[in-house]
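Values in this text are rule-based calculations from the coordinates and carry no lab data. Keep in mind it's a predicted model, so treat the numbers as computed, not measured. Positions of Cβ are backbone-derived with ideal geometry, glycine not excepted, and every protein chain shown enters the neighbour counts.
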Ligand SMILES: Cc1ncc(C[n+]2csc(CCOP(=O)(O)OP(=O)(O)O)c2C)c(N)n1
Ligand SMILES: [Mg+2]
């Protein structure tokens, strides 16, 4: 194991897969100069501009082009700079990448990875901060992953590149410089398998992306109050590892779901519904959902902070579920 | 054009096959044997045949909701195509695609989709893969005049131009996007002029003349194959029927509907071949009977094919079942 930043882990994952398979190539805006987030730093020098390609600012065309290239046997990795920008290129993804295998009777697959930066908290304002993973999780044919640690970032990326179906790989801007342990040796993290990030017995907190870390710090804080929280990170949003979540709730009897996307009609609702369907009799308290209030994301740090879920919100919800509310 | 006599006669046969199979499909829609809409290709046959005459088996085409002509001209088995249109188990997509969504990867048919303009970027991507892998295959992407107002048309032409991709964009200008005339949706008369904005050749041809389509395609395909990049080829043609079968066409005059058949590509080409001594009355008769038999066999095959099993509705969403 070695210490690595999240951004390094992504870069390493890209480089290793580019190295092992010539069919893998990257498309996106300003990749050669490593883009605003520097995720692709050094790749163009190493792999050349045949494989690391700058595109015009033309998401619809270059994402569509990647779909065609994938059908024809390549394994494109496309960067859509932030998740907000999917609005200009939904058609290639939702109507083409997601459906072409199915509607043509399984004649071919669409092995495509779309890298995108998600998340708020960095002063990026209404058009560069959204968490829209639920949109994609709602489309049969697509897969969605959201790594929360350097380990998962690298392992999920490598697995995604080797997967034969279109995958949205949503990394969080607020995690770029986060450190974590990453194996020296080759590994992948399987798509569709959740990870119990912390074991506990009183309450299950299902958290995604950056919220995994808020949940972990909430769990640490609750220890003093004698509450043992289990933190489950689905890692893959779709297909969701419901078995791990349901097993955890059967053990703890309580569930808090937290994500940075707006709460309404979100992934949290899906998790809550699955647990209600499959583990209702095990629940000792009503399920709690935490997410962004139903508003766009404002620019001012002050306003942004007023909206984003925190460890404190999570702890309050978990303690309430456990019948030991925080005294006012 | 360096085609042999047999090639020309083959094109004639192909025109007839497209025509007769389409007439049959229209008839089957009218009599309720065919479920859903049918976007008839009648009248536009010279475009598909003239273009595909220059494609190799390992070249690609991408198509539209009005795509049966393209599929047949690129070699899709009429039986499996008609079975798909009739949503049967032996359809080329197992009944999941139907009339509008058809692909046959083995024959280089990338697919057609229900999103007007949607396939242009996909086709451009297949061309990218050809270039990336250093093959000399080319991609032809068919689309309508209406589709040329979509962003994906402009973005795809730009990208194909920037990277000099081996793709031929074929605009079948039949004068209508659904019920709306071309002149009500754009100011330009020639869509090919839009190629100038992307610094690629834009060529206009009589799309009801298989020879002019063929000549222009020959040049564009050679260009793409040699690495010189994309071409926009506009084929002016006519949609004989409504947007779909059953369209009452209140937006079109009776005269216009009759007039548009005067450039019928089949007698035009037949006369040409006979004048050149490449086709005799007897040979034409023979070909017609042969095509009739092929159409009848396709109909029989398609009608005999069972409906797909309900379980198959759940397969092929992902490459590996979860
Ligand atoms: C994005 C999109 N918008 C609208 C439609 C509905 N529609 C289907 S075909 C069509 C007309 C397309 O016209 P054109 O591109 O000229 O092709 P043609 O039908 O003439 O072959 C329309 C508007 C659609 N399927 N997709
Ligand atoms: Mg049209």
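Modelled spin-label separation between residue B:315 and residue A:16, with each label point placed 7 Å from Cα along the Cα-to-Cβ direction: 3.5 nm. Rounded to the nearest 10 degrees, the angle from helix A:59-71 to the longest Cα principal axis of chain A is 80 degrees. Compared with the dominant principal axis of the Cα atoms in chain A, helix A:311-321 is inclined by about 50°.
Cα gyration tensor of the stretch B:24-305, axes a ≥ b ≥ c as square roots of the eigenvalues: rounded (a/c below 1.5), prolate (a/b > b/c) or oblate? Rounded, because the longest to shortest axis ratio a/c is under 1.5. Tell me the angle of helix A:150-162 to the major Cα principal axis of chain A, expressed in degrees between 0 and 90 and rounded to the nearest ten. With both axes taken from Cα atoms, the answer is about 50 degrees. If you plug the beta carbon distance of residue A:88 and residue A:177 into 1/(1 + (r/R0)^6) with R0 = 45 Å, you get a FRET efficiency near 0.95.
Less than 18 Å from a label point 7 Å out along the Cα-to-Cβ axis of residue A:281: which backbone N atoms in the stretch A:244-261 qualify, by residue? Residues A:246-254 qualify, since their backbone N sits under 18 Å from the label point. By the beta-carbon count within 10 Å of each Cβ, the least crowded to most crowded order of B:295, A:326, A:271, fewest first, is A:326, B:295, A:271.
When both bridge partners sit in the protein assembly as shown, DSSP labels roughly 20% of those beta bridges antiparallel. The residue B:5 and residue B:106 beta-carbon pair, evaluated with R₀ = 35 Å, returns a calculated FRET efficiency of approximately 0.75. For the pair the stretch A:50-88 and the stretch A:248-324, the centres of their Cα atoms are 34 angstrom apart.
Peptide A:92-102 shows a mean partner chain C-beta count of 5 within 10 Å per residue C-beta. Among A:24-37, A:198-211, A:135-148, sorting by the average number of other beta carbon atoms lying within 10 angstrom of each residue, highest first, gives A:198-211, A:135-148, A:24-37. Full extension of the chain segment joining residue A:196 with residue A:324 gains 43.7 nm, where the gain is 0.36 nm per residue of separation less the Cα-Cα distance. Among B:3, B:169, the order by Cβ neighbours within 10 angstrom, fewest to most, reads B:3, B:169.
What FRET efficiency comes out for the pair residue B:183/residue A:223, r = Cβ-Cβ distance, R0 = 51 Å, nearest 0.05? Calculated transfer efficiency: 0.10. DSSP bridge analysis restricted to chain A gives an antiparallel fraction near 20%, rounded to the nearest 5.
The mean count of C-beta atoms from other chains within 10 Å of the C-beta of residues in B:90-101, rounded to a whole number, is 3. Counting every other Cβ atom within 10 Å of each residue's Cβ, A:133, B:256 order from fewest to most as B:256, A:133. The separation of the stretch B:253-278 from the stretch A:110-144, counted between C-alpha centres, amounts to 54 Å.
Projecting label points 7 angstrom from Cα along Cα→Cβ for residue B:244 and residue B:57 puts them 3.6 nm apart. With both residues required to sit in the stretch A:195-322, DSSP beta bridges show an antiparallel share near 20%. Reported to the nearest whole Å, the Cα centre-to-centre distance from the stretch B:77-151 to the stretch B:282-298 is 27.
For the pair residue B:133 and residue A:127, label points projected 7 Å from Cα toward Cβ lie 3.9 nm apart. Extension gain for the segment residue B:280 to residue B:259, taken as residue separation times 0.36 nm less the Cα-Cα distance, is 4.7 nm to one decimal.
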